[in-house]
Structures are given as C-alpha cells and as structure tokens.
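Data first, discussion second: the structure below is written as structure tokens.
The values are calculated or read from the model by the stated rules, or taken from the named source; none is laboratory data. From a predicted model like this one, the values you see are computed outputs, not experimental measurements. Note that each Cβ is placed from the backbone with ideal geometry, even for glycine, and that neighbours are counted across all protein chains shown. Ligands, DNA and RNA are stripped out before the accessible areas are found, and what is left, the full protein with its side chains, is counted by its heavy atoms. Shrake-Rupley method; radii C 1.70, N 1.55, O 1.52, S 1.80 Å.
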Amino acid sequence: MNNIECLILTGNFLTENDFPLEVQKYNKLNEINIDKNSLKKIPKALVLASSSTLKFFSLNENNISDLKHLSKFTKLKTLLLEKNNISYIDDHTLTNLKQLEILDIKQNLIEYLPSAISNLNNIRILNLSCNKLNKIDKEIFLLSNLEILDLSKNNLSNLPFISLSVKRQI
C-alpha cells in the first residue's frame, strides 16, 4: 500500500475532512488528481503525505478558495486549479514553487497577481484566462521559460509597455 505513486479520486463528493491522517503512509505519491469534488481547501493529510514528493497536482472543479498549504509542495511541476473559487493568491503561496512549469488557474475570480509570480523562472505554461484581472505587470512577460501565456477573457484594458531592448532574465 505504501508504494502508491498516483492517486486518482476524480468525481466524488470528498471534502478536506474526508482524508484521514493515515494517508501520510502514502509517502511515494508523485501525482494526485482530485478533480470534481467538494474541496474548499487542500486537505492537510495530503500535505503531510506528499508535500516533498508530489510533482503533479490537479484540483480542478472544486470549491477551493484557500491555498494556504500550497507552498509546502516544493517539488511540484504541474498545478491545475481550474474552475474553483480562488480570488486571491498571496506571495507566500508561490514562493517555494520554484520547480513549477505549468500553472493553470483559469476560470476563477482572481483580480490581481502577486509579485512572486515573476519568480517562477521554470514556468512554461501560465493560464490565467477567464478571471477578473484588470492589470498585468510587465515582469510576467520577462519570465525566461514562458512559452504560453493565456490572458483571454479578463478585464484587461491595456498591456504594459515592454521594451524590446530589455533582456530576458535567466
């Protein structure tokens, strides 16, 4: 039982209280998919079990608004948070996600991005579509590995001026 590397619990009615602390025994988890459940925050038991090993975390179509424990997932490469109730991301949430390559937070309620998003140097795909962003900082365009940036269907009325002479950060 301790050898489980991938846990898929999609399409249930689970809340954050439905994960017993015994889940800590799954200390080899590198992929978790708990899409389409009833989570309001990241279950503490999953943080204790997999925060040092998890590389793929999908929490799409829940009711998540609290991202408090997210910063503990330091090995995370893919984070999917589509269709939740996220209105705010603080700097601390993103600070330790230095290996993150894919961040999909489309269809939420986000009005602005924290400055720490400009420190996600490994990010390749950043989907912020269908939120409530009305401003975007120019630093996001300078992320050295960014290949896809989706800002569609927000409240943007202008984009920051980006000089072509500005060198991308390495």
For residue 6: the one exception among (1) exposed (fewer than 13 other Cβ atoms within 10 Å of the Cβ); (2) modelled with pLDDT under 90
(2)
Scan the stretch 115-140 and report the pairs whose first residue is on the phi > 0 side of the Ramachandran plot and touching a residue at least 24 places away in the same chain (Cβ under 8 Å) and whose second residue is of a type in the set (S, T, N, Q) and assigned to a strand (DSSP E or B), with Cβ atoms within less than 9 Å and a gap of 6+ or a chain change.
none
Test of understanding: among 53, 10, 78, 15, which residue is of a type in the set (S, T, N, Q) and touching a Ser or Thr at 6+ places or on another chain (Cβ under 7 Å)?
15
Please tell me if residue 102 is open to solvent by less than 70 Å² (accessible area, probe 1.4 Å) and closer than 19 Å to residue 10 by Cβ.
yes
Out of the residues in the stretch 74-87 that are within 10 Å of the chain's Cα centre (by Cα) and more than 21 Å from residue 110 (Cα to Cα), which is most open to solvent (accessible area, probe 1.4 Å)?
77
So for the stretch 88-96 (the condition being open to solvent by 40 Å² or more (accessible area, probe 1.4 Å) and modelled with pLDDT of 95 or more), does at least one residue qualify?
no
How many residues are in a loop (DSSP other than H, G, I, E, B) and either closer than 17 Å to residue 76 by Cα or free of Cβ contacts under 8 Å to residues at least 12 places away in the same chain (or both) if we restrict to the stretch 1-34?
7
Within the stretch 25-34, is there a residue that is within 23 Å of residue 150 (Cα to Cα), open to solvent by 10 Å² or more (accessible area, probe 1.4 Å) and either hydroxyl-bearing (Ser, Thr, Tyr) or in contact with a helix residue (DSSP H, G or I) (Cβ under 8 Å, 6 or more places away or on another chain) (or both)?
no
Tell me whether the stretch 54-61 contains one or more residues that are under 16 Å from the mean Cα position of the chain (by Cα) and aromatic (Phe, Trp, Tyr).
yes
Cβ-Cβ under 6 Å, sequence separation 6+ or interchain: first residue in the stretch 47-67 and under 20 Å from residue 102 (Cβ atoms) and open to solvent by less than 40 Å² (accessible area, probe 1.4 Å), partner part of a strand (DSSP E or B) and among the β-branched types (Val, Ile, Thr). Which pairs?
57/32
